[in-house]
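Written out below as structure tokens is the structure these notes cover.
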Amino acid sequence: MAYLAETSVTLTDGLALVLERVAALHPDCDLADSGTPTATVAVLRQRHAVLDHLVLADSPVVFEKAAGGQAVITDLRVDDVLPELRAEVESYQTHTPGHRAAVQRLVLTQPQVRNTPEGHWVAGTNPEAAQHCLTGSAMLRDVRSAAVLSDGVSRLVTEYGTANWDETFAILRTDGPRGLIETVRKTEATDPTGRRRPRYNSGDDATVAYCQW
């Protein structure tokens with residue numbers, strides 16, 4: 001990941017280099033296999049008085065603006081892929097036979113469209129994925145704080161709808177990333193089977209980086 005910290009390298013080129021190098025570490029693996037692990041990417045980098053961001057898939061970077069409000073950078077193209085199968089998954093409560101069968105059908109079908117022009121892009125073994133990121137910059141003077149979130153945390157706002165971004169940043173200022181993750185887990189615990197909030201799984205990996213200047 002050191003390539004991404006080098007300010008003379010664009011985040012897009014840096015991610016492409018990272019994907020190439022990681023793939024090169026596994027010469028004995030069949031990296032063309034559809035089951036090869038993939039990941040979302042969310043990067044925030046300070047370059048002097050500028051903040052660069054890169055997002056691939058649905059882990060967002062969110063800026064709290066100095067003038068008020070937020071700017072949310074997220075890649076939701078995955079939501080447009082296989083909508084029928086996604087709707088089927090969400091029609092069942094989690095941890096039920098129907099839900100498990102629907103998730104299995106989605107999991108088996110996704111690799112056929114992942115990292116293709118007809119589907120959506122995530123970080124895997126193909127460095128071309130870096131060319132499909134959402135990138136941009138903001139002036140540091142215009143930003144009060146920023147959060148880089150895995151989708152297991154941002155779902156508090158985007159899927160559960162139990163907080164807005166103002167409330168999310170208030171939690172981060174008061175209780176930090178740990179407090180925000182605990183809020184997500186407490187929300188999920190009130191609806192463990194997804195009866196009120198249908199979802200892919202009961203909970204997901206939760207990671208937060210919170211930056212203040």
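So what is the relative contact order for the chain, in percent, with contacts set as C-alpha pairs under 8 Å and at least six apart?
Contact order relative to length: 25 percent.
For the range 208-213, what does the Karplus curve 6.51 cos²θ - 1.76 cosθ + 1.60, with θ = phi - 60°, yield as ³J(HN,Hα) per residue in whole Hz, taken in order and with x for Gly and Pro?
Result, ordered by residue: 9, 10, 10, 10, 10, 10 Hz.
List E88, E20 from most exposed to least, where exposure is judged by having the fewest other Cβ atoms within 10 Å.
E20, E88
Along the range 67-78, what does the Karplus equation 6.51 cos²θ - 1.76 cosθ + 1.60 (θ = phi - 60°) give for ³J(HN,Hα), rounded to whole Hz, x for Gly and Pro?
The phi angles translate into 8, x, x, 9, 10, 9, 10, 8, 10, 9, 4, 4 Hz.
For the chain, set up a Gaussian network in which alpha carbons nearer than 10 Å are linked by springs, and say which option among T74, T36, T193 fluctuates the most.
T36
With θ set to phi - 60°, apply the Karplus curve 6.51 cos²θ - 1.76 cosθ + 1.60 along the range 30-39 and write out the HN-Hα couplings as whole Hz, x wherever there is a Gly or Pro.
Listing the rounded values in order: 7, 6, 7, 5, 5, x, 4, x, 10, 8 Hz.
So for K186, K65, fewest C-beta neighbours within 10 Å to most, what's the order?
The order, fewest Cβ neighbours first, is K186, K65.
Please report S34, S154 as a ranked list, fewest other C-beta atoms within 10 angstrom at the top and most at the bottom.
The order, fewest Cβ neighbours first, is S34, S154.
Which residues' amide hydrogens lie under 5 Å from the amide hydrogen of T207, considering only partners 5 or more residues apart or on another chain, with H built in the peptide plane?
It is S150, G152, V153, by chain and number.
What does the convex hull of the Cα atoms of the range 58-127 come to per residue, in Å³, rounded to a whole number?
140
For the range 2-212, what is the per residue volume of the convex hull drawn over the alpha-carbon atoms, in cubic angstrom?
Taking only Cα atoms, the range 2-212 has a hull volume of 127 Å³ per residue.
Please give the FRET efficiency for D33 paired with S8, using the beta carbon to beta carbon distance and R0 = 41 Å, rounded to the nearest 0.05.
The value I calculate is 0.70.
Counting only residues 5 or more places away or on other chains, whose amide H sits under 5 Å from the amide H of V50 once H atoms are built in the peptide plane?
Under 5 Å from the amide H of V50 lie the amide H atoms of L140, each far enough along the sequence or on another chain.
Taking amide H positions as placed in the peptide plane 1.01 Å from N, state which residues far from R144 in sequence (5 or more) or on other chains have amide H under 5 Å from it.
Close amide H contacts, sequence-distant or interchain: E64, K65, A66.
What would the Debye formula give as log10 I(q)/I(0) at q = 0.13, 0.15, 0.19, 0.22 Å⁻¹ for the alpha-carbon point model of the range 6-125, no solvent?
Listed by q, the Debye log ratios stand at -0.71, -0.87, -1.12, -1.26.
Pop a pseudo-label 7 angstrom from the Cα along the beta-carbon direction at both N164 and D79 and give the gap in nm to one decimal.
Going by the 7 Å Cα→Cβ label model, 1.8 nm.
Read the figures in this text as sums done on the coordinates, not as results from a lab. Note that this is a predicted model, so its numbers are computed, not measured. Positions of Cβ are backbone-derived with ideal geometry, glycine not excepted, and every protein chain shown enters the neighbour counts.
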